[in-house]
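Visitor: The structure that follows is given in the form of structure tokens.
Laboratory data are not the source of any read-out in this text; all were calculated from the coordinates shown. The structure displayed is predicted, hence computed values, not measured ones. Here the Cβ positions follow ideal geometry from the backbone for every residue, glycine too, while neighbour counts run over all protein chains shown.
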């Protein structure tokens, strides 16, 4: 599990995950695109499957405040793969989130896969 400073890669990935939650970053296709792997996929909270192009278009069109995030944790699952999990809260909805980040050939960490699941009370 992520503890700040213990692994600089985990700190970097968590910072990148948080950037993707920033509305300013989400609305800029180029900025957000620099954080997504070319093979990105997402399984949305309500069952929609997104690819890189469709999620970039959706994020650019958003007009919502960022969610409140808690419980963020990062775990290295391979030399160049990190799993990030957290809870995101918006009015009327809480989702459990998981993101798989990967790095190829020493390049930057990129978001490869994301999944959201609506949390039921």
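Visitor: Arranged by the count of other C-beta atoms within 10 angstrom, fewest first, what order do 52, 16, 27 take? Present the calculation step by step, with values, prior to reporting the outcome.
Guide: On the way: 52 17, 16 20, 27 14.
Listing 52, 16, 27 from fewest to most nearby Cβ atoms yields 27, 52, 16.
Visitor: For 34, 114, what ranking results if the residue with the fewest other Cβ atoms within 10 Å of its Cβ goes first?
Guide: On the way: 34 13, 114 21.
The fewest-first ordering by Cβ neighbours comes to 34, 114.
Visitor: On full extension of the chain, what length is gained from residue 115 through residue 24, given 0.36 nm per residue of separation minus the C-alpha to C-alpha distance?
Guide: Working: separation 91, 0.36 × 91 = 32.76 nm, distance 2.14 nm.
Gain in length upon complete extension: 30.6 nm.
Visitor: Suppose a student asked you for the relative contact order of the chain, using Cα pairs under 8 Å spaced at least 6 residues apart; what percent would you report?
Guide: Values: 216 pairs, mean separation 31.2, N = 121.
Dividing the mean separation by the residue count of the chain yields 26 percent.
Visitor: Return the distance in nm (one decimal) between the two label points of a simple spin-label model at residue 34 and residue 87, each offset 7 Å from Cα along Cα→Cβ.
Guide: Here the modelled spin labels are 3.4 nm apart.
Visitor: Oh, and also: Beta carbons within 10 angstrom, averaged per residue: use that to sort the peptides 64-71, 94-101, highest first.
Guide: Working: 64-71: 12.1, 94-101: 19.0.
Per-residue Cβ counts within 10 Å, averaged per peptide and sorted highest first, yield 94-101, 64-71.
Visitor: Can I get the semi-axes of the chain's equivalent ellipsoid? Compute them from the C-alpha gyration tensor as square roots of 5 times the eigenvalues, in angstrom, largest first.
Guide: So the equivalent ellipsoid measures 21, 18, 13 Å along its semi-axes.
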